[in-house]
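This report concerns only the one structure given below.
What follows is calculated from the coordinates using simple rules that are stated; it is not laboratory data. Note that the coordinates shown come from a computational prediction; the quantities given were computed from them, not determined experimentally. No Cβ is skipped: glycine too gets one built from the backbone with ideal geometry, and neighbour counts run over all protein chains shown.
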Amino acid sequence: MNVDGIENGIVLDHIRAGKAMLVYKYLHLDKLGSQVALIQNCTSHVMGKKDIVKISEDLDIDLDVLGYIDPGITVNYIKDGKRVEKKTLSLPETLTNVLKCKNPRCITSVEQELPQVFKIVDRTKALYRCVYCDTIVRSEELN
Amino acid sequence: METNRRSIINILDLSVDELDHLMDLADDIEKNPEKYQDRCAHKQLATLFYEPSTRTRLSFESAMLGLGGQVLGFAGASSSSASKGESVADTISVMSNYVDIMVMRHPKEGAPVVASMHTTVPFINAGDGGHFHPTQTLADLLTIRRTRGSLSGITLGLCGDLKFGRTVHSLIDAMLRYPDNKYILISPKELRIPEYELDKLKEAGVEFEETKSLEDAIPKLDILYMTRVQKERFFNEEDYLRLKDTYILTPEKLHNAKSDMAILHPLPRVNEISVAVDKDPRAKYFYQTLCGKQMRMALILYLLGLDK
């Protein structure tokens with residue numbers, strides 16, 4: 001299957017296979033007017049299989065969200081058909097309005113305009129803590 | 001240290017030096033009440049109680065009045081603007097313009113974090129759901145220090161609801177900062193202490209044991225901290241009814257206890273301590289409320305910068 005390269009925009013590479021739809025959802029790519037290609041299960045020498053997302057727009061993407069979905073993703077910025085910058089990611093310190101606290105006793109359950117803020121507590125286990133009620137969530141709870 | 005606008009949400013918001021300073025101050029308040037009786041003259045404390053808590057609210061009010069200050073506030077969400085749907089943030093922003101220091105109890109966990117983001121005056125959490133209640137822990141610490149002479153080298157028994165009992169978790173967090181203490185955790189398996197709290201004991205490398213038997217544990221204890229099985233923490237009435245009478249402290253059970261053991265309870269009790277125990281000199285749970293008032297006085301003075 002061939003998908004054209006892009007002239008200007010962003011290529012999100014090395015996405016763990018199966019996570020491209022999460023990237024699409026949490027970066028709100030459905031709201032874009034420009035072309036977006038989502039490629040699943042590409043062959044990868046290193047990863048076996050991987051997903052790729054190509055966005056033909058120089059978008060200010062939320063690297064924290066992306067790092068949370070998969071810290072192994074590489075972000076390639078393309079200008080005039082050439083890569084001008086490559087960024088690697090890590091798990092973000094703080095996540096705002098990505099996760100939702102599931103504790104029914106949390107203040108965010110009744111005051112829904114409050115930002116949902118989580119801070120990292122364990123990088124190896126990808127555990128985050130609600131800054132209000134201290135409830136711990138794991139990364140796989142994102143869906 | 002910068003104390004203006006300081007928020008005390010969790011007992012760990014206070015350093016060990018600060019805890020020791022507050023306890024010293026409480027001791028001085030007890031010895032020389034007249035020295036402090038006008039210290040907060042013309043200062044106002046707001047008590048914002050979104051759920052009922054007669055004891056804690058009156059303790060704060062009594063503390064502020066004992067310092068010559070004034071109090072205003074509400075007791076219950078129905079008598080506040082929360083019943084009209086006002087957010088915690090808005091209430092706190094408004095109250096910041098009225099008073100010099102604020103105390104809040106709220107049924108939702110994390111409400112004090114929201115308050116701390118919006119207050120422009122010192123703020124004290126007086127309990128947020130099953131989460132934190134730092135001034136209860138201040139009362140517990142002072143009671144232990146006064147009855148044992150120290151906060152170190154103590155075998156502390158915690159009995160009852162160790163799962164939902166926030167006072168138990170806060171007390172462990174605070175006592176772990178003092179050396180050479182041992183912990184005996186007495187509860188039915190359904191109300192065992194949560195894993196994250198056990199992890200803290202393990203990480204600290206302190207001696208601890210879990211048991212279901214109060215009788216087996218009691219001879220070893222310097223402090224017995226009893227707790228109530230709280231109905232409001234259960235989603236299911238059946239579970240509550242099954243577990244509420246698991247541990248009842250009676251004079252008979254105290255036969256094997258040390259003669260200088262102290263019995264503490266955050267109150268209110270339901271039936272977990274028999275009334276017959278009240279006459280025992282080891283019963284310190286009413287004295288604990290006096291310690292609580294004096295620690296609240298000390299904390300108010302400290303946060304207002306009026307402790308010196």
>> Using helices alone, I'd like the mean residue ellipticity at 222 nm for chain B: each DSSP H run of four-plus residues gives -39500 (n - 2.57), total over residue count, nearest 500.
In response: -11000 deg cm²/dmol
>> Could you compute how fast the protein assembly as shown diffuses translationally, taking Rh as the Kirkwood radius over C-alpha pairs and applying Stokes-Einstein at 25 °C with viscosity 0.890 mPa s? Give it in µm² per second.
In response: 99
>> I'd like the distance separating the alpha-carbon centroids of region B:235-307 and region B:1-40, in whole Å.
In response: 22
>> I need the phi-derived Karplus couplings for region A:12-17: 6.51 cos²θ - 1.76 cosθ + 1.60, θ = phi - 60°, integer Hz, Gly and Pro marked x.
In response: 9, 10, 6, 6, 4, 3
> Points 7 angstrom from Cα along the Cβ direction at B:LEU12 and A:VAL84: gap in nanometres?
Replying inline: 4.5
> Packing-wise, with mean Cβ within 10 Å as the measure, how do A:66-76, B:15-25 rank, highest first?
Replying inline: A:66-76, B:15-25
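For a footprinting-style exposure proxy, rank A:HIS14, B:HIS169 by other Cβ within 10 Å, fewest first. It would help to have the intermediate numbers written out before the result.
Working: A:HIS14 19, B:HIS169 24.
Lowest count first: A:HIS14, B:HIS169.
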> When the dipole is taken about the Cα centre of region B:22-150, and only Lys, Arg (+1) and Asp, Glu (-1) are charged at their Cβ, what size is it in debye, to the nearest 20?
Replying inline: 180
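At 222 nm, what value in deg cm²/dmol follows for chain A if DSSP H runs of at least 4 each add -39500 (n - 2.57) and the sum is divided by all its residues, to the nearest 500? Intermediate results must be reported in sequence, preceding the final value.
Numbers: 2 runs with 14 residues, N = 143.
Counting only the DSSP helices, I get -2500 deg cm²/dmol.
Counting Lys and Arg as +1 and Asp and Glu as -1, what is the net charge of the other residues whose Cβ lies under 13 Å from the Cβ of B:ASP90? Each step should come with its number before you reach the end.
Working: positive: B:LYS84; negative: A:GLU111, A:GLU113, B:GLU86.
Local charge sum for B:ASP90: -2.
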>> For region B:90-118 and region A:33-105, what is the centre-to-centre distance using only Cα atoms, to the nearest Å?
In response: 39
> A:LYS31: which lysines have alpha carbons under 17 Å from its alpha carbon, excluding same-chain residues fewer than 8 sequence positions away?
Replying inline: A:LYS54
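Can you pull out the chymotrypsin sites (Phe, Trp or Tyr not before Pro) in region B:97-149 that DSSP calls coil and that have at most 16 other Cβ atoms within 10 Å?
On the way: sites: B:TYR98, B:PHE123, B:PHE132; in loops: B:TYR98, B:PHE132.
Qualifying residues, ordered by number: B:TYR98.
Taking region B:40-123, which GluC sites (Glu not before Pro) meet the DSSP loop condition and have no more than 15 other C-beta atoms within 10 Å? Display every interim value, and only then the final one.
Numbers: sites: B:GLU61, B:GLU86, B:GLU109; in loops: B:GLU86.
In loop regions of region B:40-123 (DSSP not H, G, I, E or B), the sparsely surrounded GluC sites (Glu not before Pro) are B:GLU86.
Using the Cα centre of the protein assembly as shown as the reference point, and only Cβ charges (+1 on K/R, -1 on D/E), how large is the resulting charge dipole? Debye, rounded to the nearest 20.
On the way: 58 positive and 64 negative charges, 74 e Å.
Computed about the Cα centre, the dipole is about 360 debye.
How about region B:236-308: which GluC sites (Glu not before Pro) there lie in a loop by DSSP and see at most 12 other Cβ atoms within 10 Å?
On the way: sites: B:GLU237, B:GLU238, B:GLU252, B:GLU272; in loops: B:GLU252, B:GLU272.
Counting only loop positions with at most 12 other Cβ atoms within 10 Å, the GluC sites (Glu not before Pro) in region B:236-308 are B:GLU252.
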>> Every cysteine in chain A with no other Cys Cβ under 4.7 Å from its Cβ, please list them in numeric order.
In response: A:CYS42
>> Between B:ARG177 and B:LEU241, what's the calculated FRET efficiency when r is the beta-carbon distance and R0 is 41 Å? Round to 0.05.
In response: 0.65
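With a Förster radius of 35 Å, plug the Cβ-Cβ distance of B:ARG5 and B:GLU51 into 1/(1 + (r/R0)^6) and report the FRET value to the nearest 0.05. Don't skip to the answer; put the middle values down first.
Details: r = 25 Å, r/R0 = 0.72.
For R0 = 35 Å, the calculated efficiency reads 0.90.
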